[in-house]
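The values are calculated or read from the model by the stated rules, or taken from the named source; none is laboratory data. As the structure is a prediction and not an experimental result, all values here were calculated from the model. A quick note on method: Cβ atoms are made from the backbone with ideal geometry, for glycine too, and the neighbour counts reach across all protein chains shown. Side chains are part of the model used for accessible areas, which takes the heavy atoms of the whole protein and leaves out ligands, DNA and RNA. Shrake-Rupley method; radii C 1.70, N 1.55, O 1.52, S 1.80 Å.
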Amino acid sequence: MNKTVRIGCGAGFWGDSPEGPAQLVRRGGIDYLVMDYLAEITMSILARMKAKKPDLGYATDFVTMVMKPLAKEIADKKIRVVTNAGGVNPEACRDALLAAFKEAGVELKVAVVHGDDLSASADAYRAAGTTEMFSGAAMPEKLASVNAYLGAFPIAAALAAGADVVITGRVVDSAVVVWPLIREFGWRESDYDLLSAGSLAGHVVECGTQATGGIFTDWRKVADDWDDMGFPIAECAADGSFVVTKPAGTGGLVSTATVGEQIVYEVGDPRRYILPDVTADWSAVRLEQIGPDRVKVSGARGAAPTDSYKVSATYADGYRAQVTMMISGRDAKARAEATAKAILARSGRLMREAGFDAFADTSVEVLGAEAGYGAQARAAATVEVVLKIAVRHASKDALAIFAREIFPSATSMTQSITGFAGGRPEPQPIIRLFSFLAPKADIRVSYEIGGVSKDIAPHLPNERLPDLPPAPVGELPADSPKLATVPLIALAHGRSGDKGDIRHIGVLARKGEYLPWIRRSATEEAVARYFKHYVKGRVERFEWPALNGLNFMLHEGLAGGGIASLRHDPQGKALAQIFMDFPIEVPAAWLEKGGELEDWSKEAYV
């Protein structure tokens, strides 16, 4: 089959620019427009919205800023749309969308996928002794949302039934691309290699411009284009291979490096990436630059899926408040730390006098003094910093005392306090993530179109995952050369992200011969020491031989995860850049004139 399906992703999160879908519809020549709006924090926000107003709980921007202005062009070009914008209320999203279509004078069939919302089963899961899949903690008594990560086949069935637009709630992110491919190429539930390849295509484009030069380590190559970044297009073939590109004339860069960074993003073990429809093995994936802004991706493999869905539940756990202020002048870092100590002591004393318990947790970071680097911080005489103080407490009223006692610091503590961000902080609820596994056989999944609903049975192959041999690794030379130290960025580029309370860092060597030296220095133990100011659990390292890469998982590294952490970087987005300063020992000859790394002298680094 020589057919090629062009799929463009116009949103990587709720709040992404509406220019993305417009760019793809008008200039991308696409067959499908897909958009990924959901994250754990988004689900908790949408759940609160729906609790306050029953006709909300979905990504309203999808209707008002994307589909309403583009409806006629989408209909005229016969572009099909697939999105998880339904959030926790896909029916309300559908109704709002149909009203927008009526106003625009177009007729498009809209299908809704049901089954991810497991709120009604929460008590049964709790009674069965369900525990958190990472920490083993018991299920909380009250949950704000409970949603399973569904797979692709119900959506593919909805497309086959004639839907022009398919709206879902929670599904695995990469499925936004797998659905159309199942429909177009007739892939079956047992075509594991193909499903793995389609999932990889979805994984590459799901975060929008992250695949086309956005947040690229080598940022100078794309900085001049940041004002008009091209959104990604996957040109997919029936054999599972695909080409990553972007609309002609748009900014950004599609290279093996930009695509590689996105592939390693938040994956963990590349040989066992468990998805609802397949257990993906991306360790042998090959990247080939076949033209300007065109990268061919192939080599994905797959095995049978498990018999469970991953479920993400959220629950309230007290309140948080946060403030930032600027402090300038000599000893800025020390004065900021003294200010934070005094504010916490003062407000804590007044809270106790008012009958409240102490803070449940506090976080102080002096931004601008390399707070993220821990013991590796090199700034000795910082003269301008931003002090961030965040606190957590079970009582909103207790945090009101903290909020009240911040501003007096401007006259009672150090000079030069200014720039209080956002005024007096308003206590906000803390929402925590509780992840667990639920048997697929117990969950009813269906799609609805035109008032007709049809169930889709789960694929339960009951196949044992194959044993995997050790990943091949390159060897160091037999001799023992004189060594010198360079920062990791001289040898590699990378990307970091989060999964719950786990930090992920993917590292890709710039040349294959660099990887053994990176591996030698960046051991699990050494990385744990480097990030000991952040990481409370273990560090795991996985090989990614085909990409000359390593993937690190830093367990208990986010102080509770992106929706609960008090840190300034709650999702670990800065970790890869901090890791780029990790010291790597290499042959000293590489730093000599004419050597591999002559531009990276030790003096320049230090």
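What to note about this one:
- Accessible surface of residue 362 - all protein chains present, 1.4 Å probe, nearest 10 Å²: 60 Å²
- Accessible area expressed per residue, segment 322-391, with surrounding protein chains retained (probe 1.4 Å, Å²): 49 Å²
- About the Cα centre, charge dipole magnitude for the chain (Lys/Arg +1, Asp/Glu -1 at Cβ), debye: 1020 debye
- With R₀ fixed at 22 Å, the C-beta to C-beta distance from residue 307 to residue 190 puts the FRET efficiency at about 0.90.
- Between amide H atoms placed 1.01 Å from N, distances below 5 Å from residue 252 occur with 225, 230, all of them 5 or more places distant or on a separate chain.
- What a 1.4 Å probe finds exposed on segment 302-357 is 47% carbon and sulfur by accessible area, rounded to a whole percent.
- Rel. contact order, % - alpha carbon contacts under 8 angstrom, at least six apart, segment 357-449: 23 percent
- Residue 404/residue 573 FRET efficiency (R0 30 Å; Cβ-Cβ; nearest 0.05): 0.40
- Kyte-Doolittle at least -1.0, axis length at least 30 Å by Cα - qualifying DSSP helices, the chain: 332-353
- Here Cα extents along the principal axes in Å was computed from the coordinates, and among [x] 79, 73, 46; [y] 88, 64, 42; [z] 68, 68, 49 the match is [z].
- Solvent exposure of segment 197-288 as accessible area per residue, Å², 1.4 Å probe: 30 Å²
- Counting only heavy atoms of the protein chains and using a 1.4 Å probe, residue 555 has close to 20 Å² of accessible surface.
- Ordering 414-426, 508-520 by mean Cβ neighbour count within 10 Å, with the highest value first, yields 508-520, 414-426.
- Every helix of 4 or more DSSP H residues in the chain counts as -39500 (n - 2.57), and over all residues that averages to -7500 deg cm²/dmol at 222 nm.
- Ranked by the mean number of other Cβ atoms within 10 Å of their residues, highest first, the peptides 495-503, 560-568 fall in the order 495-503, 560-568.
- Ligands, DNA and RNA are left out, and with a 1.4 angstrom probe the accessible area of segment 524-580 is 37 Å² per residue.
- Placing a label point 7 Å from the Cα of residue 396 along the Cα-to-Cβ direction, the residues of segment 51-95 whose backbone N falls under 16 Å of that point are 51-53.
- Amide N proximity, segment 472-501 versus residue 520 label position 7 Å along Cα-to-Cβ, cut-off under 16 Å: 473-488, 491-492
- With every protein chain in place, segment 1-155: carbon and sulfur % of accessible area (1.4 Å): 54 percent
- Within the straight-line cut-off of under 20 Å between alpha carbons, the lysines reachable from residue 440 are 310, 454, sequence neighbours fewer than 8 places apart in one chain being disregarded.
- Contour minus Cα-Cα distance for residue 480 and residue 460 (0.36 nm per residue): 1.9 nm
- Potential extension, residue 290-residue 370 segment - 0.36 nm per residue separation minus Cα distance: 24.8 nm
- Where labels lie 7 Å past Cα in the beta-carbon direction, separation of residue 224 and residue 358 in nm: 5.7 nm
- For segment 1-49 versus segment 449-483, the gap between their alpha-carbon centres in whole angstrom: 26 Å
- Extreme residue, positive dipole direction of segment 180-327, given options 268, 203, 285 (C-beta unit charges): 268
- Accessible-area composition of segment 401-544, carbon plus sulfur, in percent [1.4 Å probe]: 51 percent
- Relative contact order, percent, segment 1-125 [alpha-carbon distance under 8 Å, six or more residues apart]: 24 percent
- Pairwise centroid distance, computed over Cα atoms, of segment 556-571 with segment 335-373, Å: 17 Å
- Distance between the 7 Å Cα→Cβ label points at residue 473 and residue 135: 3.2 nm.
- Relative contact order (%) - the chain, alpha-carbon pairs under 8 angstrom, separation at least six: 13 percent
- Rounded accessible area of residue 521 (nearest 10 Å², 1.4 Å probe): 20 Å²
- Computed label-point distance, nm, for sites residue 248 and residue 109 using a 7 Å Cα→Cβ extension: 3.4 nm
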